[in-house]
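Okay, so here's the structure we're looking at.
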Amino acid sequence: MTASGPPIRLLPRLDDLNRFFWTSGADGRLRFQRCGDCAKLVHPPAPRCPYCLVEGSLAPAEVSGRGTLHSFTVNHQQWFPGADPYVVGLVTIAEQDDVRLTTNVVDCDADDVRIGMAVEVAFEHHDDVWLPLFRPAGSAS
């Protein structure tokens, strides 16, 4: 069985602070806030850098979209009749090891998912949101 994520997605509410993150997949690029003072990446989006505490210095910055699977679980609970199990993963992005996303791992068998596996972003488009999911690196479909 190939993991594809849950059958229904709850979409985030967009606001001025997070809109760039949830819509950046429109061009296939993953973005996080980067501090103009200390150069650290910040996630989730914030009004002030949590590292140097400078307010107003954060701006969206493109990252590679590559990462490493830090941890995961396979959800077997059928919240909807006939729903397949899916993988919920914690992905560490390649650029900064303390920036992690809770997401779904897709396009692979749940039994093949391993901690430490290289992954790459794969966006799933719903309405005005592009959800950043991750798949094994090099498995573009």
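In deg cm²/dmol and to the nearest 500, what is the mean residue ellipticity at 222 nm of the chain if only DSSP H runs of at least 4 residues count, each as -39500 (n - 2.57), divided by the residue total? Mean residue ellipticity at 222 nm (helix-derived): -500 deg cm²/dmol.
Comparing Thr92, Leu10, His126 along the charge dipole axis of the chain, the residue lying farthest to the positive side is Thr92, per the Cβ-charge model. Remark: the Cα gyration tensor places the stretch 88-141 in the oblate category, a/c being 1.5 or greater and a/b not exceeding b/c. Each part reduced to its alpha carbon centroid, the stretch 45-68 and the stretch 89-123 end up 20 Å apart. Which one, Gly65, Gly25, Pro44, is farthest towards the positive end of the dipole of the chain when Lys and Arg carry +1 and Asp and Glu -1 on their Cβ? Checked the options; the winner is Pro44.
Full extension from His126 to His70: what is 0.36 nm times the residue separation minus their Cα-Cα distance, to one decimal in nm? Write down the numbers at each step before the final one.
Details: separation 56, 0.36 × 56 = 20.16 nm, distance 2.62 nm.
Length difference between fully extended and current span is 17.5 nm.
Checking the a/c ratio against 1.5 first, then a/b against b/c, what shape does the Cα gyration tensor give for the stretch 6-96? Because a/c hits 1.5 or more and a/b exceeds b/c, the stretch 6-96 counts as prolate.
I want the local charge near Val119. Using Cβ-Cβ distances under 11 Å, sum +1 for each Lys or Arg and -1 for each Asp or Glu among the other residues. Can you show the working numbers first?
Values: positive: Arg66, Arg114, Arg135; negative: Asp107, Glu120.
Combined, the nearby Lys, Arg, Asp and Glu give +1.
Placing a label point 7 Å from the Cα of Arg29 along the Cα-to-Cβ direction, the residues of the stretch 97-128 with a backbone N closer than 19 Å are 120-125.
No value in this document is a laboratory result; all are computed from the given coordinates. This structure is a prediction, so every number in the text was calculated from the model and none was measured. Cβ coordinates were reconstructed from backbone atoms using ideal geometry, including for glycine residues, and neighbour counts include every protein chain displayed.
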